[in-house]
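Peer 1: Let me give you the structure first, and then I'll get to my questions.
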Amino acid sequence: MATSGTTTFDLNIDDVIEVAYERCGSSVRTGYDLKSARRNLNLLFSEWSNRGVHLWKVKNQTTNLVANTTTYTAPEDCNNILEVVFRDGSTDTTMDQISRSEYQAIPNKSDTGRPSQYYVRRNLSNVEINLYLTPDTTDTQINYYYVARIEDVGDYTNTTDARYNFLPCMVSGLAYYTSFMLAPDRTQMLKMVYEDELQRALQEDSQTSSVHIVPKDYFPGS
């Protein structure tokens, strides 16, 4: 028998809400039900940001450096910075991330030169990258990967800003959230299903590159 030959299956927001309500033994009856479900779905995506790095939301950004300017603002959809390199022409040099305490302990943050360290400040409305040393030239850059926020749900006819393999846990998660009011007797079961499907999706979404661990030579008395 022939197969479909397509790999385009997806769910729009209406579909996700409908399936979630079905798992709670109910159905969408009012406009308020739709509004509440959409709000819960946005909360679910916010909760996913606490579950690690989602590879489909990793983006690359290049920022031109300005002489004597220490602080640079990441794109508005940035949730966190992963790694930064200093770029001088065609040469990239890895920079070390330091903590707030380490950055605070630097006596003179305005010292100029080639930046080798950076401190990430996650503010309420943006994410800032603070460099040390402060750049002393305008013809260099920093290039970095950052984790972007998952896009808001938006219109009910939209599809979601999530990979195909996250559809099962998306529906399960919304059903779990919805059950608090509609089916409290199913909440524990729906939570177990959600957590199980989410963990499988996160495991599949992880990087698969090889890791090589090399022991450090150690000589007593050295």
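The values are calculated or read from the model by the stated rules, or taken from the named source; none is laboratory data. Only a predicted model underlies this, so the values are computations on that prediction, with no experimental measurement involved. Virtual Cβ from ideal backbone geometry, glycine too; neighbours counted across all protein chains shown. Surface accessibility is based on the protein's heavy atoms, side chains included, excluding ligands, DNA and RNA. Shrake-Rupley method; radii C 1.70, N 1.55, O 1.52, S 1.80 Å.
Peer 1: Among the residues of the range 130-140, write down those that are in contact (Cβ under 8 Å) with a residue 60 or more places away in the chain and buried (at least 17 other Cβ atoms within 10 Å of the Cβ).
Peer 2: Answer for the range 130-140, where residues must be in contact (Cβ under 8 Å) with a residue 60 or more places away in the chain and buried (at least 17 other Cβ atoms within 10 Å of the Cβ): N130, L131, Y132, T134, P135, T140.
Peer 1: Which condition number does A20 fail, the rest of (1) within 29 Å of the chain's Cα centre (by Cα); (2) surrounded by 15 or more Cβ atoms within 10 Å (Cβ to Cβ); (3) assigned to a loop (DSSP other than H, G, I, E, B) being met?
Peer 2: (3)
Peer 1: Kindly provide the set of residues from the range 1-13 that are open to solvent by 60 Å² or more (accessible area, probe 1.4 Å) and under 23 Å from N158 (Cβ atoms), ordered by number.
Peer 2: First, pick out the residues of the range 1-13 that are open to solvent by 60 Å² or more (accessible area, probe 1.4 Å): 1-10.
Across the range 1-13, the qualifying residues are T6, T7, T8, F9, D10.
Peer 1: How many of the residues making up the range 152-208 are touching a Cys at 6+ places or on another chain (Cβ under 7 Å), over 13 Å from I17 (Cβ atoms) and either of a type in the set (S, T, N, Q) or surrounded by fewer than 17 Cβ atoms within 10 Å (Cβ to Cβ) (or both)?
Peer 2: The number of residues fulfilling the criteria is 1.
Peer 1: Is it the case that L41 is in contact (Cβ under 8 Å) with a residue 40 or more places away in the chain and out of contact with any strand residue (DSSP E or B) (no Cβ under 8 Å at 6 or more places or on another chain)?
Peer 2: yes
For every residue, the table says whether it meets (1) farther than 30 Å from A162 by Cβ; (2) assigned to a loop (DSSP other than H, G, I, E, B); (3) out of contact with any strand residue (DSSP E or B) (no Cβ under 7 Å at 6 or more places or on another chain); (4) touching a residue at least 24 places away in the same chain (Cβ under 8 Å).
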{"residue": "S27", "(1), (2), (3), (4)": "no, yes, yes, no"}
{"residue": "D33", "(1), (2), (3), (4)": "no, no, yes, no"}
{"residue": "T63", "(1), (2), (3), (4)": "no, no, no, yes"}
{"residue": "N80", "(1), (2), (3), (4)": "no, no, no, yes"}
{"residue": "E83", "(1), (2), (3), (4)": "no, no, no, yes"}
{"residue": "S101", "(1), (2), (3), (4)": "yes, no, yes, no"}
